[in-house]
1. At least 2 residues that are closer than 22 Å to residue 57 by Cα in each: list the helices (runs of 4 or more DSSP H) lying fully within region 85-162 that qualify.
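The values are calculated or read from the model by the stated rules, or taken from the named source; none is laboratory data. Bear in mind the structure is a predicted one, so any value in this text is a computation, not a measurement. Note: ideal-geometry Cβ built from the backbone for every residue, glycine included; neighbour counts use all protein chains shown.
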């Protein structure tokens, strides 16, 4: 159950869509916002159906649960040349409003959602996610994957090493 929650948070936190060529980059881009949440925003956050978002994204970007479980445990996909799981991550991040327009990530939203899958204080997640949000990748899928990978590797190093 915990693995499913971790996978869900990871996937939602990092939505993926197909990578676009630079000259085809007419679609949405990601936006970094670190805004203060209102009571209305907080209520919306508690209603996020991460599993539903993951299932929806999996319709377009097929990824098996064991593959996602590996990502949650290690911080990276077994085959980092495969764009499909990276685009799955982007889809989840976009649908969960973590990946925004203007090539940025909402680290506040990341912290809120990540806390649902791991028992880590939001302040610590914010500290981990902020440096990870500064991404230079031109491919939206790769950028989303690297953002989530950066956070997961930091979490694993800090909390999962025994």
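1. Qualifying helices (runs of 4 or more DSSP H): 107-114, 140-155.
Conditions (1) surrounded by fewer than 14 Cβ atoms within 10 Å (Cβ to Cβ); (2) out of contact with any helix residue (DSSP H, G or I) (no Cβ under 6 Å at 6 or more places or on another chain); (3) closer than 19 Å to residue 54 by Cβ; (4) modelled with pLDDT of 90 or more, marked per residue:
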{"position": "80", "(1), (2), (3), (4)": "yes, yes, no, yes"}
{"position": "87", "(1), (2), (3), (4)": "no, no, yes, yes"}
{"position": "98", "(1), (2), (3), (4)": "no, no, yes, yes"}
{"position": "105", "(1), (2), (3), (4)": "no, no, yes, yes"}
{"position": "110", "(1), (2), (3), (4)": "no, no, yes, yes"}
{"position": "127", "(1), (2), (3), (4)": "yes, yes, no, yes"}
{"position": "149", "(1), (2), (3), (4)": "no, yes, yes, yes"}
{"position": "157", "(1), (2), (3), (4)": "yes, yes, no, yes"}
